[in-house]
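The values are calculated or read from the model by the stated rules, or taken from the named source; none is laboratory data. What you see is a predicted model; the values in this text were computed from it and never measured. Methodologically, a virtual Cβ is constructed for each residue, glycine included, from the backbone with ideal geometry; neighbour enumeration extends over all protein chains shown.
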Amino acid sequence: MTTRDIRNRTMIPIIGTLVRAYVVIAVLTVVALAILSAVAPDQAPRDAWVHAVVVVVFAALLPLRLRSAQRGSVAALRAVGIIAAVLFLANVIEAMIPDFAPGWMRIEMIVIALVMLGIIGSVVRERV
């Protein structure tokens, strides 16, 4: 094993579960916005759609980086942690901006932030 390999893989399954949870949240967010656009447009404003697109982009990126981390790449594991940290901060900040998104989406943002906090903690534990 080289220094570029992950030594202890005990947290990788937990990180995988959290990443899958994030992907499910991302997909459900877009589905909810699509439905709300038709039945309650005030609950699906433009800012909410922008947020959802960003969420979906990262939902595509995180599993790719995780797959490399599962094969032992320290750089990929680091990337998962950095992406999770950025998503954590972005979601917390967005949730705090008045009138940025409807109430249901603020809850979604907090849930995503908590999932990202779990990923960050797991990445740190994996590297220690």
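Out of I93, I120, report the one residue that is under 19 Å from I12 (Cα atoms), in a helix (DSSP H, G or I) and modelled with pLDDT of 95 or more.
I120 is the lone residue from the list that is under 19 Å from I12 (Cα atoms), in a helix (DSSP H, G or I) and modelled with pLDDT of 95 or more.
For residues that are charged (D, E, K, R) and free of Cβ contacts under 8 Å to residues at least 60 places away in the same chain, scanning just the range 95-126, find the one that is surrounded by the most Cβ atoms within 10 Å (Cβ to Cβ).
Among residues in the range 95-126 that are charged (D, E, K, R) and free of Cβ contacts under 8 Å to residues at least 60 places away in the same chain, the one surrounded by the most Cβ atoms within 10 Å (Cβ to Cβ) is R106.
Scanning for something closer than 16 Å to A21 by Cα, of a type in the set (K, R) and buried (at least 20 other Cβ atoms within 10 Å of the Cβ), does the range 57-72 turn up at least one residue?
yes
Would you check if A32 is modelled with pLDDT of 95 or more, farther than 27 Å from L77 by Cβ and either surrounded by 12 or more Cβ atoms within 10 Å (Cβ to Cβ) or not aliphatic (A, V, I, L, M) (or both)?
So A32 passes the test.
When residues of the range 37-56 are filtered for being touching a residue at least 60 places away in the same chain (Cβ under 8 Å) and surrounded by 15 or more Cβ atoms within 10 Å (Cβ to Cβ), how many remain?
1
What tally of residues in the range 49-77 results from selecting those that are at pLDDT 95 or above and basic (K, R)?
Going through the range 49-77 one residue at a time, the tally reaches 2.
Between R78, R71, which is over 16 Å from V115 (Cα atoms) and touching a residue at least 12 places away in the same chain (Cβ under 8 Å)?
R78
V92 fails exactly one of the following numbered conditions: (1) more than 17 Å from R125 (Cβ to Cβ); (2) exposed (fewer than 15 other Cβ atoms within 10 Å of the Cβ); (3) of a type outside the set (D, E). What is the number of that condition?
Failing condition for V92: (2).
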